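Presented below is the structure to which this report refers.
Please treat every number below as a calculation from the coordinates, not as lab data. The shown structure was predicted, so the numbers you read here are calculated from the model rather than taken from an experiment. Reconstructed Cβ throughout: ideal geometry from the backbone, glycine too, with neighbour counts over all protein chains shown.
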Amino acid sequence: MGDAEARIVKVVPSIGEIAAADWDACANPDPATYNPFLAHAFLKALEESGAVGAGTGWTPYHLVIEGVDGAISGVMPLYGKTHSQGEYVFDHAWADALHRAGGRYYPKLQGAVPFTPVPGRRILARPGPQQQETERLLALATRAVASRIDASSVHITFLTEGEWQRLAGEGFLQRTGQQFHWRNAGYRSFDDFLATLASRKRKAIRKERAEAHSSVEIFSVTGPDITETHWDAFFAFYLDTGSRKWGRPYLNRAFFSQLGAAMADRCLLVFAREGDALVAGALHLIGGDCLYGRYWGSTSYHPALHFELCYYQAIEYAIAHGLARAEAGAQGEHKLARGYLPETTYSLHWLANPSLEAAVARYLADERDQVEEVNELLREHGPFRKDGGSTGET
């Protein structure tokens, strides 16, 4: 019996049933590229706080693949969904089409980090000679789980381009999307970065930063300096933004306390203070080579403060700590003028209904072309100097 045949894939209803060391050895084997959203502690905080689980429409069906000796060689965060909220790769039209044809779209299966459109590995195979075979077995296992729970489809979202390419031949449809990321070209300072921008963009950023700092004090906290008072303040900001954007915020107050308890050294809270009162805040998570901007909010209006806390402070931190990039969440062409360039995101989809699958395949072919065309156009009109040089300013 071959090595691949001797392995077993299990479905686990709670990440707490998987040893953190085993999960993290698969999810983050290289500290240099550590992704905090794939960490056992992050996903466990979602479940233990109740943000994920009973009553949320996110039911864990995590996959674990192990050998006959019990050694774990791969894992995958997987959830049964009864809606399409908190995913950021939109399939509402697919659900409507199947419903109108007399079918049932929910439940479906989602291979993702809940509420978090952060690109990264989704099929977490431990490095080694069997890595790609483990990846393939886990991907195919999602369809077996879909059959078991009578799910209409499988969606693996914000995975890497490599996973996307390797698994396309296994019966998954390919989809692309767009985000805006900032790339560190070895800058020594924020001014070094500004010097690479066109004059008009450079002046606009300096004006925004001056406006943001004109009426508030901006500071950051991380690690053991983060207190429950900080989380209280930030959660109020998060609720304000969540209520305005999508009606019901996905995360609860308990999640942030658990995140801080388990991963404080990976949390960066950036606040604005007016007098003695905190008036705005942004949460970033620190990865091995990336600063991930996630949530922001404010209780009073201050010009350009959103750009400062979410983008410019992130760039400054990435430069100071030698991080390769900064990411600031989904969508937002307004990020382009601030040095964040378009990047392609990737997802895979399997649909049990042949007619729906054929229709979606045609749609995705056109959509991929459109995404590529738009990204190329936006890159051409980016904020950087066309000569690729520096102004020499300090």
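Listed values for the range 82-87 are Karplus-derived 3J(HN,Hα) couplings in whole Hz (6.51 cos²θ - 1.76 cosθ + 1.60, θ = phi - 60°), namely 10, 7, 10, 8, x, 10, and x replaces Gly and Pro. Only lysines eight or more places from K44 in sequence, or on another chain, were considered; those with a Cα closer than 30 Å are K10, K81, K108, K245.
For the range 185-250, which trypsin sites (Lys or Arg not before Pro) are in a loop by DSSP, counting at most 16 other Cβ atoms within 10 Å? Don't skip to the answer; put the middle values down first.
Values: sites: R188, R200, K201, R202, K203, R206, K207, R209, R244, K245; in loops: R188.
Here the sparse-neighbourhood loop sites are R188.
Under the criterion of Cα pairs below 8 Å and six or more residues apart, the relative contact order for the range 280-394 equals 21 percent.
Taking only the C-alpha atoms, wrap a convex hull around the range 117-229 and report its volume per residue in Å³ as a whole number. Don't skip to the end; give the middle numbers.
Values: hull volume 29.4 nm³, N = 113.
Output value, Cα hull per residue: 260 Å³.
Each Lys or Arg adds one and each Asp or Glu subtracts one; over the other residues with Cβ under 13 Å from the Cβ of H99, this totals +1.
Calculate for the chain the 222 nm mean residue ellipticity that helices alone would give, adding -39,500 (n - 2.57) per DSSP H run of length 4 or more and normalising by residue count, nearest 500 deg cm²/dmol. After summing the helix terms and dividing by the residues of the chain, the value is -11000 deg cm²/dmol. Under the combined filter of DSSP loop state and at most 14 neighbouring Cβ atoms within 10 Å, the range 89-155 retains these chymotrypsin sites (Phe, Trp or Tyr not before Pro): F90.
Could you tell me which GluC sites (Glu not before Pro) in the range 304-394 are loop residues by DSSP with no more than 10 other beta carbons within 10 angstrom of their beta carbon? Before the final figure, lay out the partial values.
Numbers: sites: E308, E316, E327, E333, E343, E357, E367, E372, E373, E376, E380, E393; in loops: E393.
Loop-located and lightly packed - E393.
Here is the P(r) of the chain: all C-alpha pair distances, binned every 10 Å from 0, give 5, 21, 30, 26, 14, 4, 0, 0 in whole percents. Projecting the Cα atoms of S347, T222, A318 onto the dipole axis of the range 196-348, where Lys and Arg carry +1 and Asp and Glu carry -1 at the beta carbon, places S347 farthest toward the positive end.
Note on A361/R148: beta-carbon distance plugged into 1/(1 + (r/R0)^6) with R0 of 22 Å gives a FRET efficiency of 0.35.
Using a Förster radius of 41 Å, what is the FRET efficiency between E380 and S214 based on their Cβ-Cβ separation? Nearest 0.05, please. Numbers along the way, then the final one.
On the way: r = 34 Å, r/R0 = 0.83.
Efficiency at R0 = 41 Å is approximately 0.75.
Which residue, L137, L38, L283, tops the fluctuation ranking in a GNM of the chain built on C-alpha contacts under 10 Å? The residue that fluctuates most here is L137.
From the Cα gyration tensor of the range 254-394, with a ≥ b ≥ c the square roots of its eigenvalues, which class applies: rounded if a/c is under 1.5, or else prolate if a/b is larger than b/c, or else oblate? Show your work: numbers first, answer last.
Values: a/c = 2.16, a/b = 1.35, b/c = 1.59.
Here the range 254-394 falls in the oblate category.
Computed over the range 310-357, the P(r) curve from all C-alpha pair distances, binned at 5 Å from the origin, holds 4, 15, 22, 15, 12, 8, 7, 7, 6, 4, 0 percent per bin.
Taking every DSSP beta bridge with both residues inside the chain, roughly what % is antiparallel (nearest 5)? Write out the running numbers ahead of the final one.
Working: 59 of 65 bridges.
Close to 90 percent.
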